[in-house]
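Accompanying notes for the structure given below.
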Amino acid sequence: MTGLYALFAEHGWWIFFASVATFVASVVTLPVLVVRMPADYFVGDGSDDSWAAHHPLVRVTVLIVKNLVGGLLVAAGIVMLFMPGQGILTILIGLSLLSLPGKRAFERRLVGSPAVFKAINAIRARAGQPPLRLD
């Protein structure tokens, strides 16, 4: 046995349980993040740095950890495209954590699509939060 089949044959249960765990975590975490997001999150250029007042070592550490977690989530999401799990959702969460040029414009386009915008605001309305505002 070679390749993906051999990997699944040897570690199939672990892969299955990891996929189920990430699915459950994403289903639970996504609404929490959407509800806790400020209504004006997508208004302005997003250049405010909430870590600016902290020590430079803290800022660099947070940046490195945030990008490592984002990269791991993107990699896990790519694997989940071929295994059970929320691959696309995990990739999007990972991308949101990465520090990439053009990320803010991509997020705005994604959230600005009518179906996504309606779904996000429905989640926020159920939690008693005001709807998101876009530029």
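As a length-normalised measure over Cα pairs under 8 Å and 6 or more apart, the relative contact order of the chain settles at 32 percent.
Karplus-based coupling profile of the range 113-129, in residue order and whole Hz: 5, x, 5, 5, 4, 5, 5, 5, 5, 5, 4, 5, 5, 4, 8, x, 9, with θ = phi - 60° in 6.51 cos²θ - 1.76 cosθ + 1.60 and x standing for Gly or Pro.
Using a probe of 1.4 angstrom and keeping all protein chains present, the accessible surface of the chain works out to 69 square angstrom per residue. Estimated purely from DSSP H runs of n ≥ 4, each contributing -39500 (n - 2.57), the mean residue ellipticity at 222 nm for the chain is -23500 deg cm²/dmol once divided by its residues. Helix 103-112 and the longest principal axis of the C-alpha atoms of the chain enclose an angle of approximately 90°.
The values are calculated or read from the model by the stated rules, or taken from the named source; none is laboratory data. In this text the structure is predicted, and so the values were computed from the model without any measurement. Just so you know, the surface numbers come from the protein's heavy atoms only, side chains and all, with ligands and any DNA or RNA stripped out. Shrake-Rupley method; radii C 1.70, N 1.55, O 1.52, S 1.80 Å.
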